Amino acid sequence: MMKLRLAIAASTMLLGACATTGAAPEAPVTSKPAVTLESDAPDTMRWLYGSGEAAAVSIQSWRMLADYATARARERRIPQAVPMGIDGGVSAPSCMDGDRVKPLAVVFDVDETVLLNQGYEYWLAQGNRYTSESWRKWEESAASLARPVPGAVTGMRRLREAGITPVFNTNRQHSPEGAARAIEVAGLGKAVHLDTLYLRGDDGGGGGKDGRRKMIAAKYCVIALAGDNLGDFADVFNEEGRVPAARRQLAARGDYAQLWGNGWFALPNPVYGDSIKGTIGEVFAEDQRWNPDTARSNAPAIMSEGN
């Protein structure tokens with residue numbers, strides 16, 4: 001009985017102390033589990049860098065691009081350039097320089113279009129954060145880790161055999177030497193700064209590429225574009241304030257829709273970039289927010305692409 005009274009008294013004193021201080025007992029501190037090689041990689045990285053499906057889509061895109069470009073190069077007529085965002089419209093620049101036809105070219109983005117940055121993404125997968133300083137070091141020192149996008153080496157070879165010059169238009173900005181070296185190490189040929197390689201800032205601007213495309217079009221007849229972001233085709237897609245739904249509609253309807261596979265070739269990149277921006281409310285339109293309690297039976301209107 002005495003032990004019971006002592007236990008009750010002790011409990012009362014403890015509760016009184018808690019009430020006096022107003023503080024609850026602290027929860028034990030738990031550390032985050034360590035990231036190891038056995039940890040799950042982020043879903044998007046697993047798909048792009050590890051899946052056979054990603055390799056298949058990439059090879060398919062490169063084959064379509066090379067087929068299209070070589071067919072254009074064999075045509076017995078003055079070549080026609082592809083629209084490329086110059087002056088904010090869908091008109092194509094001239095392929096003529098006086099009475100001379102400019103050399104044929106295809107313009108490529110670099111990262112996740114011709115090269116895979118698996119080494120840098122591995123570092124991020126360890127729980128590290130992207131910083132401009134870490135990316136600068138990657139640009140300057142990681143050329144030996146460069147790997148081509150599946151299908152790119154064969155595609156580049158086919159283009160050069162058809163007399164078409166690959167030109168690279170990238171938002172890398174720290175090291176033209178590092179970019180050129182990475183492209184060469186990956187087996188994609190040589191790139192010469194301000195001739196067949198253009199970096200962010202080369203036109204005096206920022207991350208938009210229209211200005212650099214205009215510089216390239218002054219030298220070359222650009223018959224195709226390839227990239228992993230809509231900004232690799234025209235800056236209008238990434239204008240400030242353009243919400244995901246409006247951006248998607250701009251790409252999927254009207255004049256721009258006619259260009260996919262017909263001079264414009266997009267490669268998949270679910271890991272980073274403008275393509276993965278958007279809240280739930282922005283991505284899922286109000287008329288698509290289904291739940292089993294409010295399901296409707298009426299069928300949606302058929303979507304007519306390109307109109």
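The values are calculated or read from the model by the stated rules, or taken from the named source; none is laboratory data. Everything quoted here is computed from the prediction, not taken from an experiment. Glycine also receives a Cβ, built like all others from the backbone with ideal geometry; neighbour counts cover every protein chain displayed. We work out accessible area using only protein heavy atoms, side chains counted, and drop any ligands, DNA or RNA first. Shrake-Rupley method; radii C 1.70, N 1.55, O 1.52, S 1.80 Å.
Restrict the check to region 119-129 and report whether at least one residue is within 22 Å of G261 (Cα to Cα) and either not small (G, A, S) or not in a loop (DSSP other than H, G, I, E, B) (or both). Break it down into steps so the answer makes sense when it comes.
Quick first cut of region 119-129, residues within 22 Å of G261 (Cα to Cα) only: none.
No, because not a single residue in region 119-129 is within 22 Å of G261 (Cα to Cα) and either not small (G, A, S) or not in a loop (DSSP other than H, G, I, E, B) (or both).
Determine, yes or no, whether E133 is over 22 Å from W47 (Cβ atoms) and assigned to a helix (DSSP H, G or I). It is true that E133 is over 22 Å from W47 (Cβ atoms) and assigned to a helix (DSSP H, G or I). Region 152-232 holds helices (runs of 4 or more DSSP H) entirely within its bounds, and those carrying 1 or more residues that are within 21 Å of A54 (Cβ to Cβ) and not hydrophobic (A, V, I, L, M, F, W, C) map to 152-161.
Taking region 256-280 as the range and being assigned to a helix (DSSP H, G or I) and out of contact with any Pro (no Cβ under 8 Å at 6 or more places or on another chain) as the test, the residues that pass are Y256, A257, D274, S275, I280. Scanning for something at pLDDT 95 or above and closer than 18 Å to A146 by Cβ, does region 230-244 turn up at least one residue? So far as region 230-244 goes, no, none of its residues is at pLDDT 95 or above and closer than 18 Å to A146 by Cβ.
Annotation note: of R160, R136, R147, the sole residue that is open to solvent by 60 Å² or more (accessible area, probe 1.4 Å) and over 14 Å from Y120 (Cα atoms) is R160. The single condition among (1) out of contact with any Pro (no Cβ under 7 Å at 6 or more places or on another chain); (2) under 21 Å from F168 (Cα atoms); (3) modelled with pLDDT of 95 or more that R72 does not satisfy is (1).
Going through (1) modelled with pLDDT of 95 or more; (2) over 25 Å from D111 (Cα atoms) one by one, G281 falls short only on (1). Taking region 247-256 as the range and being more than 14 Å from G89 (Cα to Cα) and either open to solvent by 40 Å² or more (accessible area, probe 1.4 Å) or in contact (Cβ under 8 Å) with a residue 40 or more places away in the chain (or both) as the test, the residues that pass are R248, Q249, A252, R253.
Counting only residues that are touching a Lys or Arg at 6+ places or on another chain (Cβ under 7 Å) and either assigned to a helix (DSSP H, G or I) or open to solvent by 50 Å² or more (accessible area, probe 1.4 Å) (or both), how many does region 29-86 have? Counting residues in region 29-86 that are touching a Lys or Arg at 6+ places or on another chain (Cβ under 7 Å) and either assigned to a helix (DSSP H, G or I) or open to solvent by 50 Å² or more (accessible area, probe 1.4 Å) (or both) gives 3.
Based on this model, can you work out whether A152 counts as buried (at least 16 other Cβ atoms within 10 Å of the Cβ) and under 19 Å from the mean Cα position of the chain (by Cα)? Spell out the reasoning first.
Working: buried (at least 16 other Cβ atoms within 10 Å of the Cβ): yes; under 19 Å from the mean Cα position of the chain (by Cα): yes.
Against the criterion (buried (at least 16 other Cβ atoms within 10 Å of the Cβ) and under 19 Å from the mean Cα position of the chain (by Cα)), A152 qualifies.
Checking each residue in region 195-246 for being in contact (Cβ under 8 Å) with a residue 12 or more places away in the chain, within 18 Å of the chain's Cα centre (by Cα) and surrounded by fewer than 15 Cβ atoms within 10 Å (Cβ to Cβ) picks out G207, V243, A245.
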